[in-house]
1. Could you grab me the full set of residues in the range 24-80 that are farther than 27 Å from SER129 by Cα and basic (Lys, Arg)?
2. Go through the range 95-111 and report how many residues are at pLDDT 90 or above, within 15 Å of GLU28 (Cβ to Cβ) and either among the polar types (S, T, N, Q) or surrounded by 10 or more Cβ atoms within 10 Å (Cβ to Cβ) (or both).
3. Do we find that ILE55 is among the hydrophobic types (A, V, I, L, M, F, W, C), at pLDDT 85 or above, more than 17 Å from the chain's Cα centre (by Cα) and in the same structural domain as ASP111 (by TED's automatic domain parsing) in this structure?
4. Out of ASP179, ASP148, ASP133, I need the residue that is more than 30 Å from GLY44 (Cβ to Cβ) and either of a type outside the set (Gly, Ala, Ser) or not assigned by TED's automatic domain parsing to the domain that holds GLY54 (or both). Which one?
5. What helices (runs of 4 or more DSSP H) lie completely within the range 48-97 and have 1 or more residues being touching a Ser or Thr at 6+ places or on another chain (Cβ under 6 Å) and closer than 24 Å to SER180 by Cβ?
6. Inside the range 1-47, can you point out the residues that are hydroxyl-bearing (Ser, Thr, Tyr) and exposed (fewer than 14 other Cβ atoms within 10 Å of the Cβ)?
7. Could you tell me whether the range 16-28 includes any residue that is aromatic (Phe, Trp, Tyr) and outside any loop (DSSP other than H, G, I, E, B)?
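The values are calculated or read from the model by the stated rules, or taken from the named source; none is laboratory data. Just so it is clear, the structure is predicted and the values come from calculations on it, not from any experiment. Cβ placement follows ideal geometry from the backbone for every residue including glycine, while neighbour counts extend to all protein chains displayed.
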Amino acid sequence: MNGVHDLGGTDGLGPVPVESDEPVWHSEWERAAFGMFSMPFRAGWFGVDQFRFGIEQMHPAIYLLSPYYEHWAHTAEHFGVERGALDPDEIEKRTQYYLENPDAPLPQRSDPDLMAFVEAAVKHGAPASRESDKVAQFAVGDRVTVIDSSPHGHTRRARYIRGRTGVIELAHGTFIYPDSAGNGGGDAPEHVYTVKFTNEELWGPEAAEPNGVVYFDVWEPYIVPATQGAAA
């Protein structure tokens, strides 16, 4: 994503507050919003990358000023309406009801199979690795440059690494390709590598913290050999 939703390396947004003894939930609605991932995910509304792309549909100002779990609620609503499972008018009525009755209990539902799925997913995650017969085009030790372009739609190629050169430190095998899966395509597995960038390469000699490095995982279509041009 090329909008404000990609904040990696962005400054000027003020300090990041760190709470001591931060609670898991700041309010009960956050607990409910957390559940809005597992249920639609199990129902096939979205995968992880589509879930992220749904968040990227938020208006930039609302995205920047809203709390974390409001992003989760937004993407669940976005895909629910898109799939025809939720009625926007009904959402407005329910929202107004709870604004007027903040202490009213939330709807309850018993689904042992869903709870078992959530329990397993929260503890163990859902693996994104996928089998593929693609031959890796790069190896540990290769110097690579991240392609410097602005792809349309969802991507995990952060702006601050585009056009930058680093060294492959690890090769992980093939995983779901976010630029396909996040935009409604298939898993389209691609090789993933961990690339080490120096701070100076990323931020320039005047701004970089001396002797520091950043490790970033990249999918193979994001990179080219460092001797090639990185524009695409």
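1. ARG31
2. 2
3. On the way: among the hydrophobic types (A, V, I, L, M, F, W, C): yes; at pLDDT 85 or above: yes; more than 17 Å from the chain's Cα centre (by Cα): no; in the same structural domain as ASP111 (by TED's automatic domain parsing): yes.
So ILE55 does not fit the description; no.
4. Details: ASP179 fails: more than 30 Å from GLY44 (Cβ to Cβ); ASP133 fails: more than 30 Å from GLY44 (Cβ to Cβ).
Result of the check over ASP179, ASP148, ASP133: ASP148.
5. In the range 48-97, 48-55 are the helices (runs of 4 or more DSSP H) which contain 1 or more residues that are touching a Ser or Thr at 6+ places or on another chain (Cβ under 6 Å) and closer than 24 Å to SER180 by Cβ.
6. Scanning the range 1-47 gives THR10, SER20, SER27.
7. So in the range 16-28, the residues aromatic (Phe, Trp, Tyr) come out as 25.
With outside any loop (DSSP other than H, G, I, E, B) added as a condition, the list becomes none.
No, that holds for no residue.
Condition check ((1) surrounded by fewer than 17 Cβ atoms within 10 Å (Cβ to Cβ); (2) small (Gly, Ala, Ser); (3) not in a loop (DSSP other than H, G, I, E, B)) across all residues:
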residue	(1), (2), (3)
GLU169	yes, no, yes
THR194	yes, no, yes
ALA208	yes, yes, no
VAL218	no, no, yes
